[in-house]
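Trainee: Dropping a structure here in structure tokens format, bear with me for questions.
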Amino acid sequence: MSGRTAPPRVLTVAGSDSGGGAGIQADLKTMLALGVHGMSVLTAVTAQNSLGVQGAWELPVEAVRAQYRSVVDDIGVQAVKTGMLSSAELVEAVADLIAGTDAPAVVDPVGVSKHGDPLLAVSALETVRTRLLPVATVATPNLDEVAQLTDIRVESEQDMRRAARAVLDFGPRWVVIKGGHLAASTGEAVDLLTDGTQEHWLRAPRHDNRHTHGTGCTLASAIASHLALGRPVPEAVTAAKEYVTGAIAAGFALGAGIGPVDHGWRIGREPE
């Protein structure tokens, strides 16, 4: 007897977080929570906990390429999400793989960890700009990553508009400028989604919770999951923002430092 039809499939190309709050682990938890089948291409192994990153070891390009081809050529994908790509060689290889894949791609241009640990070589920045961002359906930089990529320091919502235009100049179809690090007196966490023509301001309550490890990975994976489910970009990003807001509100202490968001915050709740 045959099994049920498989759910949409989403592939994450990212590093491992041994503490389970970010990276591949966060991506797969998010995908499960949102009803898609998560698959993974490991790009790096990190020794990581609530206090920071104690070590990182990049996988060879041929190992990354082999994992990707193994999954895509047999199982297929409805969306791809990228995270930690630490070297120019890895960025270039993954960009080429995505360019040859008929599926939307969400690019999270990971530059530093929650604790400020560098996760992208400075020498790889230009390759991100010229090779990876042009193949992105949606790019999701936070304010630190915006500064790395564009030299724009965002201190206001107007600056977010300038930053979005600068990132779009690199070629992604859409960009989400994540304003979670923006000092705000309104008590809101504000993100800007735009393709240069449409503009969507996404606002949510700013929760007083320091346990936010994995927020960026979770948002990008949630966007990819909703794209795989067939939603258009504005709807996918709006739904992803709602999911992440709930996950941040439910974030919990773990270890002696910054704990993770709760990817399973909806489990056991009655649907609204």
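Trainee: Taking 22 Å as R0, compute the FRET efficiency from the Cβ-Cβ separation of Arg203 and Ala253 and round it to 0.05.
Mentor: Result of the calculation: an efficiency of 0.25.
Trainee: How much length, in nm to one decimal, is gained on full extension between Asp195 and Glu242, taken as 0.36 nm per residue of separation minus their Cα-Cα distance?
Mentor: Fully extending the segment from Asp195 to Glu242 adds 14.9 nm.
Trainee: Here is a follow-up. Helix-derived [θ] at 222 nm for the chain: sum -39500 (n - 2.57) over DSSP H runs of at least 4, divide by residue count, nearest 500?
Mentor: -10000 deg cm²/dmol
Trainee: Return the inverse of the average 1/r over all pairs of distinct C-alpha atoms in the stretch 20-158, which is the Kirkwood hydrodynamic radius, in Å to one decimal.
Mentor: Averaging 1/r across every pair of different Cα atoms and inverting gives 15.7 Å.
Trainee: Also, quick follow-up: Quote to one decimal, in nm, the extra length available between Asp73 and Asp102 on full extension: 0.36 nm per residue of separation minus the C-alpha distance between them.
Mentor: That works out to 9.3 nm of additional length.
Trainee: Per residue, what volume in Å³ does the Cα convex hull of the stretch 177-272 take up?
Mentor: Here the figure is 118 Å³ per residue.
Trainee: Please report how far the C-alpha centroid of the stretch 218-246 lies from that of the stretch 8-78, rounded to the nearest whole angstrom.
Mentor: The stretch 218-246 and the stretch 8-78 have Cα centres separated by 18 Å.
Trainee: Would you kindly state how much longer the chain becomes between Asp144 and Arg65 on full extension, computed as 0.36 nm times their sequence separation minus their alpha carbon distance, in nm to one decimal?
Mentor: Between Asp144 and Arg65, full extension yields an extra 25.6 nm.
Bear in mind these aren't lab numbers, they're just calculated from the coordinates by the rules spelled out. No experiment lies behind these values; they were computed from the predicted model shown. Positions of Cβ are backbone-derived with ideal geometry, glycine not excepted, and every protein chain shown enters the neighbour counts.
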